[in-house]
There are 2 protein chains.
Amino acid sequence: MGKDAISNQLRNLRFHHNEMTQQQLADKAGVTRQTIVAIEKGNYSPSLELAFRIARVFGKSIEEVFQYEDKQ
Amino acid sequence: MGKDAISNQLRNLRFHHNEMTQQQLADKAGVTRQTIVAIEKGNYSPSLELAFRIARVFGKSIEEVFQYEDKQ
DNA sequence: ATTACATGTCAAGTTTAATTTACATAAAAT
DNA sequence: ATTTTATGTAAATTAAACTTGACATGTAAT
């Protein structure tokens, strides 16, 4: 799909949740650590399913974890 | 990723929005009609970016358009 | 000094999302 | 009757997400 339009709060949320590591988040979300790194750094955006699982780890809505800004 | 864990309200929302056709939704979301059909029928779930764009078409949150239920 | 941990990166591979083109059917319009 | 519109399907291809395995760096323990 499109480009780099999706940002996220992963780093903030990890640190606000007991200093959760990337590996711990990966385990809880059911993906590899590299996937978390790529998403956190904005290399690509997750599938909708993974977005749901990550949001659920933090007890947040998808919109609280991921923000979409389209090309103005 | 996983399987058929994501359901959606596309058909309902289309009809509640002036009988919007699949083609019209596809145009507004910037994808092809076949992509809308596949998502609406649950053949696969959209990318997070497309989920944002579809939700925006209806003025809804992602959670109001798509529901995630994991394997119990 | 060296072990351990958290993070970042890279290349190669698999899986899934999305496109393109095309064909089929049913319903509505003319 | 036949044209148009909306929907469903399918095969082949491209693009993107995700995995696996491996290596590098900085920082915190010990």
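Of note:
- Candidates B:Q67, B:Q22 - the one that is away from DNA strand C (no atom under 13 Å from the Cβ) and surrounded by fewer than 19 Cβ atoms within 10 Å (Cβ to Cβ): B:Q67
- The condition of being on the phi < 0 side of the Ramachandran plot and touching a Leu at 6+ places or on another chain (Cβ under 8 Å) holds for only one of B:V65, B:V37, that being B:V65.
- Selected residue (criterion: nearest to the other protein chains (Cβ to nearest Cβ)) from residues of region A:20-35 that are among the aliphatic types (A, V, I, L, M) and more than 8 Å from DNA strand D (Cβ to nearest atom): A:A29
- Where a residue in region B:46-59 is hydroxyl-bearing (S, T, Y) and its partner, wherever it lies, is in a helix (DSSP H, G or I), with Cβ under 7 Å and at least six apart: B:S47/A:L48
- Selection count where residues are part of a helix (DSSP H, G or I), more than 7 Å from chain A (Cβ to nearest Cβ) and within 25 Å of A:I39 (Cα to Cα), scope region B:37-56: 5
Every read-out reported here was derived from the displayed coordinates using simple, explicitly stated rules and does not represent laboratory data. Computed from a prediction, not measured in an experiment: that's the story for all the values here. With ideal geometry, Cβ positions are generated from the backbone for all residues, glycine too; neighbour counts draw on all protein chains shown.
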